[in-house]
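Below is one structure; the comments refer to it alone.
Taken together, the values in this text are just the output of simple stated rules run on the coordinates, not laboratory data. From a predicted model like this one, the values you see are computed outputs, not experimental measurements. Reconstructed Cβ throughout: ideal geometry from the backbone, glycine too, with neighbour counts over all protein chains shown.
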There are 2 protein chains.
Amino acid sequence: MGKLHEPLNDMQNCGLPAALEVMGERWSFMILRAGFNGLHHFEEFLSTLGIARNILSNRLARLVEHGIMKRQALPEDRRKIEYRLTAKGLDLLPAMLALRQWGEKYGEGVPSNPVLCDERDGQPIALIGINAHDGRRLGYMELEWRDVADVGKPAMQYEDVLVKPELSVLR
Amino acid sequence: MGKLHEPLNDMQNCGLPAALEVMGERWSFMILRAGFNGLHHFEEFLSTLGIARNILSNRLARLVEHGIMKRQALPEDRRKIEYRLTAKGLDLLPAMLALRQWGEKYGEGVPSNPVLCDERDGQPIALIGINAHDGRRLGYMELEWRDVADVGKPAMQYEDVLVKPELSVLR
DNA sequence: CGATTTGCGTTGCTAAATGCTACCTACCTT
DNA sequence: AAGGTAGGTAGCATTTAGCAACGCAAATCG
């Protein structure tokens, strides 16, 4: 029971706080979503999001600062600034979709239209989930945190299971 | 070009704002993470997260209110309140892991230890990503938003591609 | 050219959220 | 009853968000 909480002592050793430093701020995800949907300009974000100008300005600056978007003045009209997702920003798509899917599943009156599809066959994408290295879909029950030293060892042969994610849904 | 932004007009028709209503608040994700790691009590959250008491109280109340956690006084000691993730809360694991993985990938000095593993073979889980219904891994380029009416139609045979997620990484 | 519009951003002020510390109350232990 | 524990409130300082007005350079119009 003492060992159970060990990984939480060094909370900063987790990618989550790092991710939330930028994306945890209000509007960041909505701006990201707008970026994914083809918006690139200040006034576009402003009018579609319903965010205040100064906040939008600040958020865009922070996203650029953190390398999630890049800022570029258009050569043909140098008033126009193009905000565009970087590779780092594009890498947030799975996280955003997972959140969106969760919101759709539990939200009230979310019509789920349009639907994100595989362009090849036009079928909706699968629910974002957790997969093993070989592609098997994994449930909560099949997961455990392991020290890097114990990775790959067969079950119950390694030193310590540090934390098993919350398994007791039913209690 | 006119049709391109249409889905953004009804932004509320998206699961993302719904998800962010609770999970977009500061500390919500960190509390969730703590819950996933076996913490159940107020003082546990308080000491491991470094959050203020009143904020923690408020956040827990909101998570309970939204059905993400449930609140139960223990019969053997009715001072003790057990906060436990519900099925709805557990369903946020993919979103949380996707965020965490992103933070690990781009964060500075995030040691990625411990590692979340498949207990069966002890191998780390795959990166959370976007899959087609048949399990093929999909990249940004292979995705498009479709009206529900056009789902399943072969490529370029349906009425309108509404929005193609940001494809031009290279511009 | 000068006047006006456009695109983006800043400034000043108000409201709301957060954080800190101290306090409160029920319950358990002795 | 006395004292400690678990969870939660209350008051006040600080930070962040929201709103409206202004600034300003680049484009466009007459």
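At 0.36 nm per residue, and after removing the present C-alpha to C-alpha distance, how many nm does the segment from residue A:52 to residue A:78 gain when stretched out fully?
Gain in length upon complete extension: 7.0 nm.
Based on alpha-carbon centroids, what's the gap between segment B:122-138 and segment B:36-52 in Å, whole number please?
Answer, in whole Å: 31.
Take the rotation relating chain B to chain A, measure from its axis to every Cβ in chain B, and name the nearest residue with the distance in whole Å.
Measuring from each Cβ to the axis, the minimum is at B:98, 3.
Neighbour counts of other C-beta atoms within 10 Å: give me A:14, A:117 arranged from fewest to most.
A:14, A:117
Across 10 Å bins from the origin, how do the percents of Cα pairs in segment B:23-65 run, short distances first?
30, 66, 4
Out of segment B:90-155, which trypsin sites (Lys or Arg not before Pro) are coil in DSSP terms and have no more than 16 other C-beta atoms within 10 Å?
Listed in order of number, the matching sites are B:120, B:136.
PRE reach from residue A:26 (point 7 Å along Cα→Cβ): which of segment B:19-43 fall under 15 Å by backbone N?
It comes to B:20-28, nothing else.
Taking a label point 7 Å from Cα toward Cβ, how far is residue A:87 from its twins in the other copies, in nm, shortest first?
Here the equivalent label points are 4.1 nm apart from this one.
Label position 7 Å from Cα toward Cβ: report the copy-to-copy distances for residue B:148 in nm, one decimal, ordered from shortest.
Here the equivalent label points are 4.7 nm apart from this one.
Mind checking which aspartates and glutamates have their Cα closer than 18 Å to the Cα of residue B:153? Skip sequence neighbours fewer than 8 apart in that chain.
Cross-link targets: A:118, A:119, A:121, B:134, B:142, B:144.
Copy-to-copy spacing for residue A:58, label 7 Å out on the Cα-to-C-beta vector, in nm, shortest first?
Once sorted, the set of distances for residue A:58 reads 1.6 nm.
Provide Rg over Rh for segment A:65-144; use the alpha carbon set for both Rg and the Kirkwood Rh (inverse mean inverse pair distance). Intermediate values should be presented prior to the final figure.
Values: Rg = 17.9 Å, Rh = 16.1 Å.
So for segment A:65-144, dividing Rg by the Kirkwood Rh gives 1.11.
Using Cβ counts within 10 Å as a stand-in for footprinting exposure, how do B:40, B:66, A:133 rank, fewest first?
A:133, B:66, B:40
Can you pull out the GluC sites (Glu not before Pro) in segment B:36-106 that DSSP calls coil and that have at most 10 other Cβ atoms within 10 Å? Display every interim value, and only then the final one.
Working: sites: B:43, B:44, B:65, B:76, B:82, B:104; in loops: B:76.
Taking segment B:36-106 and a limit of 10 other Cβ atoms within 10 Å, the loop GluC sites (Glu not before Pro) found are B:76.
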